[in-house]
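Below you'll find the structure, written out as structure tokens, and then a few comments.
The values are calculated or read from the model by the stated rules, or taken from the named source; none is laboratory data. For clarity, every value in this text was computed on a predicted model and none was experimentally measured. Counting neighbours? That spans all protein chains shown, and the Cβs are built from the backbone with ideal geometry, glycine included.
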Amino acid sequence: MSTKKHLNIGLVGYGFMGRTHSNAYKRVNDFFDVPYRPVLKAVCGRDRDAAGKFAGNWGYESIETDWRRLVEREDIDAIDVCTPNNTHAEIAIAAAEAGKTVLCEKPLAMDLVQGQAMVDAVEKAGVANTVWYNYRRVPAVTLAKRLIDEGRLGKVFHYRAQFLQDWTISSDLPQGGAGLWRLDAAAAGSGVTGDLLAHCIDTALWLNGRIDDVSAMTETFIKERKHNLTGKVEKVGIDDACAFMCRFENGSLGLFESTRYARGHKALYTFEVNGEKASLRWDLHDLHRLEYFDHADDAQLRGWRSVHVTDGDQPYMKNWWVPGLQIGYEHTFVHQVADFLENLGEGEPTAPTFRDALATQAVCDAVLDSAENRKWETVVPV
Ligand SMILES: NC(=O)c1ccc[n+]([C@@H]2O[C@H](COP(=O)([O-])OP(=O)(O)OC[C@H]3O[C@@H](n4cnc5c(N)ncnc54)[C@H](O)[C@@H]3O)[C@@H](O)[C@H]2O)c1
């Protein structure tokens, strides 16, 4: 018999992230001994039939077609926001005001002002909160954090990251509506900056500390696309590509690039950190490996090692299979839920909190401002 406390989940949005989170809630107690058991209480979607199908498939007990109704329900403990970016603030703030725990997808908000209102709401209500910057919980990335915190890299000189895709190259691709809201500035807020670079920035702030100022350029390669909701050809308001350089508070220099026009790349998130004593790099397409170069190695054998991060001594891995057997993308969400439920039991916050995610939002805003103004921008401290 389980003695775990129940955490009744109300999921809003049953698309890509709705699936990854549902999978994580279902699997977490099978692999992690945490004090709570998530219960799939209700899923909310505007299309009753589709929501019903999702509920049947994943085992949700009930459905709602209006998120406001979900937030009002007494039997819901936590609201999980898995909807497009322009809906995060309204849902998360209402959930916090109703006293619910809030888990929100990234980017936190459309901009810093909206994000600040979300932080204020969860902090005023005193509710547990987290933002799903899940790449922190790839074991190889968590290991990178451990190595940096142990001082193994020494003084850091360079941080560089890329997130490359190629799925929007066709000018026939429309913008807006289901599946294509990412191309619609009104729903997404920005293009690759908020969608992809936000991940790179979150990881960078976590690994390498605050970014002080940025100088960016963006480009919208396809200027007009048919809009699925209006049926008209409309101006494209998102950035298709963004590159920026920055200075970190620790004195290191950063280079970041993201595009959806890198033919051949589907989700190539890579980062590299170069320190005085050692360097490390990671690649999402080979996510269970961390590459590491240690200058202290025997000179004759010195070189880049490719560490297969599957050992029980390495982050999260003792909860899975046996050394040598790797895990994948979906497990990062299981890890975030596991950490969240563990911390909830101890009354501790789970990073990235809304406030942590606001720092990423501040960098995104500075990047977009810099690209527009064609000058260096200071990142607003949060
Ligand atoms: N952590 C990650 O790696 C990651 C990956 C992909 C997406 N995301 C983020 O997750 C969020 C959702 O993205 P996605 O890829 O799952 O999108 P998606 O288009 O696959 O799903 C969005 C869902 O929201 C629903 N929806 C939209 N408006 C709604 C409303 N008012 N009420 C209820 N439901 C509504 C849609 O019907 C759909 O079910 C975005 O903020 C995105 O940036 C994060």
Name the strands (runs of 3 or more DSSP E) wholly within region 234-336 that hold at least 2 residues that are without any contact (Cβ under 8 Å) to a residue 60 or more places away in the chain, in the same structural domain as Asp213 (by TED's automatic domain parsing) and of a type outside the set (Gly, Ala, Ser)? 241-248, 278-283, 289-294, 305-308
Hey, any hits in region 220-231 for a residue that's within 30 Å of Gly151 (Cα to Cα) and touching a Gly at 6+ places or on another chain (Cβ under 9 Å)? no
Which of the following residues is more than 29 Å from Ala366 (Cβ to Cβ), out of contact with any Lys or Arg (no Cβ under 9 Å at 6 or more places or on another chain), away from the ligand (no atom under 13 Å from the Cβ) and not assigned by TED's automatic domain parsing to the domain that holds Glu346: Glu97, Glu150, Glu61, Glu72? Glu72
Checked against (1) on the phi < 0 side of the Ramachandran plot; (2) out of contact with any strand residue (DSSP E or B) (no Cβ under 8 Å at 6 or more places or on another chain), Phe256 satisfies every condition except (2)
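Rundown of residues vs (1) in contact with a Leu (Cβ under 6 Å, 6 or more places away or on another chain); (2) within 15 Å of the ligand (Cβ to nearest atom); (3) of a type in the set (A, V, I, L, M, F, W, C), yes/no style:
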residue: Thr3; (1), (2), (3): no, no, no
residue: Leu7; (1), (2), (3): no, no, yes
residue: Val12; (1), (2), (3): no, yes, yes
residue: Ala24; (1), (2), (3): no, yes, yes
residue: Arg27; (1), (2), (3): no, no, no
residue: Phe32; (1), (2), (3): no, no, yes
residue: Arg37; (1), (2), (3): no, no, no
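If you scan region 175-216, which residues turn out to be within 14 Å of the ligand (Cβ to nearest atom), in a loop (DSSP other than H, G, I, E, B) and either touching a strand residue (DSSP E or B) at 6+ places or on another chain (Cβ under 6 Å) or among the acidic types (Asp, Glu) (or both)? Steps first, please.
The first filter runs over region 175-216 and keeps only residues within 14 Å of the ligand (Cβ to nearest atom), leaving 175-203.
With in a loop (DSSP other than H, G, I, E, B) added as a condition, the list becomes 176-180, 184, 189-191.
Selection gives Gly176, Asp184.
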